[in-house]
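Have a look at the structure below before the remarks.
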Ligand SMILES: *Cc1c(COP(=O)(O)O)cnc(C)c1O
């Protein structure tokens, strides 16, 4: 176990890089003796090498796409090319500030403007806001736009319909916008039951929220009928773009009749994520919803880019400035590098890889559906029940083999769900190793179920009480042994 850096502190030890402190340190000393900074901060005292070793060790305890396979379904943990980071770190980008004058920021504004145009082509939604910082915030923004639209038409509505397979953030976002949420059941194929939807949808329905492919990894083949049904009743159709990695360059939500969507730029368009950000839940809308977008939006007049703040029905701001700008730079770099051809090949390979795992794991787990999957595949671990084992035990045992577990217990409509999304960036060798590890775990379950029940065994911390951690989080720092 690695001690906290505070526990490693030795009184009087320090590291100073600068031989001749000169003016800068003089000023620092003055600041410290002024009222602005406290002298008695209990900061640790350590030498440079102590600090370097401490953080290098910690970084190697961390798990990421750069260390091993990460098939976390619905999260699209694809490899994030390093050139994205290098581009986002160019001095012109990192030294700019949103409070600078527009004329100083032409390059940054041009990038956002061009990105909007590219995403418009990819999604079929002509206008975007980049303020929301996560998919969930994008949903919330989208729902605020939906609400403002109906209110503008003097027909406020009170409910939003989501499928029973939907991601938890969908009903949560609708509820946070003050809507009643109604579930529509999936049929035996795992698709939205259109007849049941037809019964639920009425003139009080503000929107239907869908993701396509859905959370079972299946393409909603009835999408055109669904859209027609929603529009006939005056409801809007919201697209949760978290699963867009399956469709890039092949088709788009605009063609399917969607009115408003969010993209998870940090998933589909490759920014490292999973540690809480920074992310981007860019929201795209059809032409009729443009005037409801958060402000500012970016316009081009002649050769100049400018910020437009006077959108007629704007819902206001949902975040400072333009959201997480560095994520937009990474998205832009990613799109330029792949181009049209590369983008649609990314989706082809994402689907191919998922279908390969779908086939190869047929004897290990129970497929959740008979339909061919798109970019992710869902299984049930109910066949481990005989040994008293659960999806959780398989997930924990995978950690011992150095593989990040798939998403567990989601979607909720599949018992003991394991949702596997390999993404396009994984090689066949990696997928084959995953399959052989899964087969090995199946054998272990039959021979020695206890091995799974108590996994992981090779990690710093063993099996944790996750319920207790969630219900009674204790984040206070205690000295070891206290
Ligand atoms: C990840 C995800 C979201 C939420 O996106 P965040 O960026 O994590 O807030 C919504 N819907 C689906 C289907 C997702 O996979």
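At a glance:
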| read-out | value |
| --- | --- |
| Any hit, the range 393-409, residues being closer than 24 Å to residue 351 by Cα, assigned to a loop (DSSP other than H, G, I, E, B), without any contact (Cβ under 8 Å) to a residue 60 or more places away in the chain and under 25 Å from the mean Cα position of the chain (by Cα) | yes |
| Conditions (1) within 11 Å of the ligand (Cβ to nearest atom); (2) touching a residue at least 40 places away in the same chain (Cβ under 8 Å); number of the one not met by residue 304 | (1) |
| Search result, residues across the range 293-316 that are assigned to a loop (DSSP other than H, G, I, E, B) and either loosely packed, with under 14 Cβ neighbours inside 10 Å or modelled with pLDDT under 95 (or both) | 302, 303, 309, 310, 312, 316 |
| Any hit, the range 170-179, residues being under 22 Å from residue 377 (Cβ atoms) and within 16 Å of the ligand (Cβ to nearest atom) | yes |
| The listed residue being assigned to a helix (DSSP H, G or I), more than 26 Å from residue 306 (Cβ to Cβ) and out of contact with any strand residue (DSSP E or B) (no Cβ under 9 Å at 6 or more places or on another chain), out of 76, 56 | 56 |
| Any hit, the range 149-160, residues being within 16 Å of the ligand (Cβ to nearest atom) and in the same structural domain as residue 213 (by TED's automatic domain parsing) | yes |
| Condition check for residue 275: within 16 Å of the ligand (Cβ to nearest atom) and without any contact (Cβ under 8 Å) to a residue 60 or more places away in the chain | yes |
| Within the range 147-266, helices (runs of 4 or more DSSP H) holding 2 or more residues that are over 29 Å from residue 415 (Cα atoms) and modelled with pLDDT of 95 or more | 223-232 |
| Per-region count, the range 428-457, residues over 20 Å from residue 362 (Cβ atoms) and over 28 Å from the mean Cα position of the chain (by Cα) | 9 |
| Filter result (under 19 Å from residue 406 (Cβ atoms) and either modelled with pLDDT under 95 or within 16 Å of the ligand (Cβ to nearest atom) (or both)) within the range 69-90 | 70, 71, 72, 73, 74, 75, 76, 77, 78 |
| Odd one out for residue 49, checked against (1) at pLDDT 70 or above; (2) over 20 Å from residue 7 (Cβ atoms) | (2) |
| Some residue of the range 109-124 being within 16 Å of the ligand (Cβ to nearest atom), assigned by TED's automatic domain parsing to the domain that holds residue 188 and part of a loop (DSSP other than H, G, I, E, B) | no |
| Set 330, 359: member being surrounded by 18 or more Cβ atoms within 10 Å (Cβ to Cβ), modelled with pLDDT of 95 or more and part of a helix (DSSP H, G or I) | 330 |
| Selection within the range 410-428 - in contact (Cβ under 8 Å) with a residue 60 or more places away in the chain, in contact with a strand residue (DSSP E or B) (Cβ under 7 Å, 6 or more places away or on another chain) and assigned to a loop (DSSP other than H, G, I, E, B) | 410, 411, 413, 414, 421 |
| Unique residue being within 23 Å of residue 354 (Cα to Cα) and either without any contact (Cβ under 8 Å) to a residue 60 or more places away in the chain or surrounded by 12 or more Cβ atoms within 10 Å (Cβ to Cβ) (or both) when the list is 467, 435 | 435 |
| Unmet criterion (only one of (1) in contact with a strand residue (DSSP E or B) (Cβ under 9 Å, 6 or more places away or on another chain); (2) outside any loop (DSSP other than H, G, I, E, B); (3) within 16 Å of the ligand (Cβ to nearest atom)) for residue 144 | (1) |
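The values are calculated or read from the model by the stated rules, or taken from the named source; none is laboratory data. It should be emphasised that the depicted structure is a prediction, and the values quoted were computed from it without experimental measurement. Cβ: placed from backbone, ideal geometry, glycine included. Neighbour counts: every protein chain shown.
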